[in-house]
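Comments concern the structure below.
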Amino acid sequence: MTQGFFAFLLIAATGLLSAAPAGAEAGKKHQKSESSARRNSTSNDGVAEARLIEVYRLTGQGKMRDALAKAESLVRDYPNFQLAQLVYGDLLTSRARPLHKFGDVPEALAHKAGATLAELRDESQARIKALRERPPAGTIPSQFLALSPRNKHAIAVDASRSRLYLFENTAQGLNLVADYYISVGKSGIEKMVEGDARTPLGVYFITSNLDPKSLRDFYGSGALPINYPNVLDSKRGKTGRGIWLHGTPPNQFSRAPLASDGCVVLANPDLERIIRTVEVRTTPVVISHKIDWVPPHSVRAQSKTFEEALAAWRNAKSNGDFQQLLSFYTADFNSQGKTLREWEPALRNEVERVRGRPIQLKDLSYLRWTDAADTMVVTFGEVPDGTRTGPTKRQYWIREGNQWKIFYEGNLG
Amino acid sequence: MKHGSAHITHLLRLAILAGSLSLTAVHADDYADVNQLMRTGKLAEAQAKVDQYLATKPRDPQMRFFKGVIQRETGKTNDAIGTFTRLTEDYPELPEPYNNLAVLYAGQGQYDKARAALEMAIRTNPSYSTAHENLGDVYAKLASQAYNKALQLDGSSTTAQPKLALIRELFDPNAKGQRPGAQPTPAPAAPAAPAAPAATPGKPPVVAAAPSAAPASPSPTAPPAAADSAAKDVEAAVRAWAKAWAAKDMTAYLGAYGKEFTPPGKQSRSSWENERRQRIVSKNNISLRLENLSVSVNGNKAVAKFRQDYKADALSVSSRKTLDLVKSGERWLIVRESTGT
């Protein structure tokens, strides 16, 4: 066994051993999936990766025979898990001759499938990196400023780690319940135009759950489309459509880190867990280059100026102060193709219907998206006092200097 | 009437065979005859002779082994697998049937089964170099299959089937079954487990083996005379060990092994001892002859090499054996035992 291979796996193993929470969590996850198996019939999300990591750990500890046995049973259960096959091949090779590198395939094979080999090495690195560099305990992605009780779950994708994080929204706040290896676009991230094979960055929502029977095998066990291009994307002239979270084809357990035409691709068992868990229309999906993990209290401090702006908008609308209300909208406001001037009559109607009754914002959520601009995606039920229900509204706000203003407003169907 | 005469001929043959049973030398001739017929490609005749022999001695491992080889040569792969499988069941201590089973499985593309059989062969005899070489080839083939799956290549046409070495004879004093030019067992590239140095039996013994206790390379601390008397002590220890084995004196037999002795495979000392006890005590009759015993001593370490003619009930095995011994107090104790070339 030469140093290259050992060094690689030792690094992997040391990182994993020291990242005790990851190990503990993996174990817990397994337990949890077993207990939920009784409820859900099957739940083996994340299991294949946990077993692969166990093989790495044993290899790193020099327990080659145990590692080989575990790798063998892993590829028996997941024959299409290419990375596991590669590791199994290495462990078998190590019985016959010394290994020189991770994925020490014979020259002829390396020549024929060099690109695939490089991708498998990248996938291995990505999985290890995500498991070594865990989110600090008690932190959340900085975009999740406020979620309503109706957002029972939330999803954040960290493209730099090829990882998707699934959260449960509880009375005590957001809990990370699982995270999975994912693939993004062949050309990476920051989608601009149709066909650029990039994955969009931004705040999105799951818009539907496509029946797997209606899909080609290529999409695996299902698909959850998201609302790309969103209002901000369209405002910026971005094009393209059909960005989904979907599964993998029958011949691949997982795909390379950069593989899709822009979709976020998960292993089928992982996607199935997400499909069972999330809610169409209300589960947000934030896709970022790199997640900024922050403590929840710092998020609340950041949202203070926005909360004040939102409260002032609500007061203006409640009081029927139309000129004051108009000052909250940007000059380039656009709602379904209508400019502010074209949209004014509808707004005036709403104010007249309210007739000075205070309006309440029910189930308020707002997610912040900051790149060149600082924006907020806001969702709430607008309910005037004395009525039981009102329309569910979505607004996009943007910060202009110190002022937060609305550049889109519409009702959700 | 034809029926009757055939019956009589059969009886006669039986009588002749029965008469020959008392002469052990005749067995060797029978083996040699079959072997000769097989070598010259007269498989039908060889098979007839084997069948005839097995009719009276159905358990004879050597003839059953020939039978398996002939079945394989005549394309009856499944019959051959059956024959060798039953041999491994009846004689689990013999590595050769496992090896040939592996060759047959590999021929069918069942490399996982081939691997399991070869690992058993090596567990039975850690220094069995043919099995080691075959296993190396099987590992390489399995690795190549895994790599092809990893890279999503259609490997079926690109990689050749490994050519594994079939053992043609069970007890092969001249190691003809070994591949030509085969080196002593190559050590597996990655030690199986740190706790099992026995899995790397191919390494030359730590002590350089002098032709005998040759004064030509005297240890600087011990004058030739002392080395000579040490060699005598070692020889006595080895003969006492063989005597205890033949006498099924388990206390003396197991007592001949030092604390440092590493049992073959991944066995613990106690499970190895249990296994030895079962194997030895269950035999009715054991005879053990040591030939060409040579001893080399280096300080408090010694290596004894000899040919071991072992007979137990129907089984008769001649093999080369090497014992590594270490002096502990006044006694020489076995710390390593290896069979084969």
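Can you tell me which of (1) more than 24 Å from residue A:364 (Cβ to Cβ); (2) at pLDDT below 95; (3) hydrophobic (A, V, I, L, M, F, W, C) is the one residue A:146 doesn't meet? Failing condition for residue A:146: (1).
Return a yes/no flag: does region B:302-310 have any residue that is open to solvent by 30 Å² or more (accessible area, probe 1.4 Å) and not in a strand (DSSP E or B). No: region B:302-310 contains no residue that is open to solvent by 30 Å² or more (accessible area, probe 1.4 Å) and not in a strand (DSSP E or B). Can you confirm whether residue A:177 is open to solvent by 50 Å² or more (accessible area, probe 1.4 Å) and β-branched (Val, Ile, Thr)? Against the criterion (open to solvent by 50 Å² or more (accessible area, probe 1.4 Å) and β-branched (Val, Ile, Thr)), residue A:177 does not qualify.
Against the numbered list (1) open to solvent by 10 Å² or more (accessible area, probe 1.4 Å); (2) at negative phi, residue A:281 comes up short only at (2). For region B:237-255, the condition holds for at least one residue, the condition being that it is modelled with pLDDT of 60 or more, in contact with a helix residue (DSSP H, G or I) (Cβ under 6 Å, 6 or more places away or on another chain) and in a loop (DSSP other than H, G, I, E, B). Got a number for residues in region B:240-260 being open to solvent by 30 Å² or more (accessible area, probe 1.4 Å) and touching a strand residue (DSSP E or B) at 6+ places or on another chain (Cβ under 7 Å)? Residues flagged as open to solvent by 30 Å² or more (accessible area, probe 1.4 Å) and touching a strand residue (DSSP E or B) at 6+ places or on another chain (Cβ under 7 Å) within region B:240-260 amount to 3.
Residues are listed down the side, and each one gets a yes or a no for (1) at pLDDT below 85; (2) within 24 Å of the chain's Cα centre (by Cα); (3) assigned by TED's automatic domain parsing to the domain that holds residue B:91:
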{"residue": "B:11", "(1), (2), (3)": "yes, no, yes"}
{"residue": "B:22", "(1), (2), (3)": "yes, no, yes"}
{"residue": "B:25", "(1), (2), (3)": "yes, yes, yes"}
{"residue": "B:48", "(1), (2), (3)": "no, no, yes"}
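For residue B:119, the criteria (1) in contact (Cβ under 8 Å) with a residue 24 or more places away in the chain; (2) of a type outside the set (Lys, Arg); (3) under 26 Å from residue B:134 (Cα atoms) hold in every case but one, which is (1). Once region A:380-398 is narrowed to residues that are open to solvent by 20 Å² or more (accessible area, probe 1.4 Å) and in contact with a Phe, Trp or Tyr (Cβ under 8 Å, 6 or more places away or on another chain), the residue that is farthest from residue A:291 (Cα to Cα) is A:392. For region A:211-221, the criterion of a residue being surrounded by fewer than 19 Cβ atoms within 10 Å (Cβ to Cβ) and of a type in the set (Phe, Trp, Tyr) is satisfied by at least one position.
The residue that is farthest from the chain's Cα centre (by Cα), counting only those in region A:115-165 that are within 14 Å of another protein chain (Cβ to nearest Cβ), among the acidic types (Asp, Glu) and open to solvent by 60 Å² or more (accessible area, probe 1.4 Å), is A:119. Test residue B:261 against the stated conditions and say whether it is aromatic (Phe, Trp, Tyr), at pLDDT 70 or above, closer than 29 Å to residue B:132 by Cβ and outside any loop (DSSP other than H, G, I, E, B). No; evaluated as a whole, the condition is false for this residue. Taking the condition touching a residue at least 40 places away in the same chain (Cβ under 8 Å) and surrounded by 14 or more Cβ atoms within 10 Å (Cβ to Cβ), does residue B:72 pass? When the stated conditions are applied, residue B:72 passes them.
The requirement of being more than 22 Å from residue A:371 (Cα to Cα), assigned to a strand (DSSP E or B) and not basic (Lys, Arg) is fulfilled nowhere in region A:191-204; no residue meets it. If only residues of region A:70-99 that are in a loop (DSSP other than H, G, I, E, B) and within 15 Å of residue A:59 (Cβ to Cβ) are counted, the one that is nearest to the other protein chains (Cβ to nearest Cβ) is A:98.
Out of all the residues in region A:100-114, which are closer than 19 Å to residue A:127 by Cα and within 8 Å of chain B (Cβ to nearest Cβ)? Matches in region A:100-114: A:103 only. Taken together, A:369, A:313 contain a single residue that is outside any strand (DSSP E or B), in contact (Cβ under 8 Å) with a residue 60 or more places away in the chain and of a type outside the set (Lys, Arg), which is A:313. The test for being open to solvent by 30 Å² or more (accessible area, probe 1.4 Å), in contact with a Leu (Cβ under 8 Å, 6 or more places away or on another chain) and either within 14 Å of chain B (Cβ to nearest Cβ) or of a type in the set (A, V, I, L, M, F, W, C) (or both) holds for residue A:275. Of all residues in region A:113-153, those satisfying the criterion of being aliphatic (A, V, I, L, M) and part of a helix (DSSP H, G or I) are A:115, A:117, A:118, A:120, A:126, A:128, A:130, A:131.
Checking each residue in region A:191-241 for being under 22 Å from residue A:335 (Cα atoms), charged (D, E, K, R) and out of contact with any Gly (no Cβ under 7 Å at 6 or more places or on another chain) picks out A:235, A:236, A:238, A:241. Taking the condition open to solvent by 50 Å² or more (accessible area, probe 1.4 Å) and over 16 Å from residue B:309 (Cα atoms), does residue B:269 pass? Yes, satisfied.
The residues of region B:89-148 that are hydroxyl-bearing (Ser, Thr, Tyr) and touching a helix residue (DSSP H, G or I) at 6+ places or on another chain (Cβ under 8 Å), listed by number, are B:91, B:98, B:105, B:111, B:124, B:128, B:130, B:139, B:144, B:147. Exactly one of (1) buried (at least 23 other Cβ atoms within 10 Å of the Cβ); (2) modelled with pLDDT under 95 is unmet by residue B:84. Its number? Going through (1) buried (at least 23 other Cβ atoms within 10 Å of the Cβ); (2) modelled with pLDDT under 95 one by one, residue B:84 breaks only (2).
Just to verify a result, which residue in region A:308-340, among those that are basic (Lys, Arg) and open to solvent by 20 Å² or more (accessible area, probe 1.4 Å), is farthest from residue A:234 (Cα to Cα)? Here the answer is A:314. Can you spot a residue in region A:54-62 that is surrounded by fewer than 17 Cβ atoms within 10 Å (Cβ to Cβ) and modelled with pLDDT of 95 or more? No, region A:54-62 has no match at all.
The values are calculated or read from the model by the stated rules, or taken from the named source; none is laboratory data. Keep in mind that what you see is a predicted model, and the values were worked out from it rather than measured. All Cβ positions, glycine included, derive from the backbone under ideal geometry; neighbour counts span all protein chains shown. Ligands, DNA and RNA are excluded from the accessible area calculation, which covers all protein heavy atoms including side chains. Shrake-Rupley method; radii C 1.70, N 1.55, O 1.52, S 1.80 Å.
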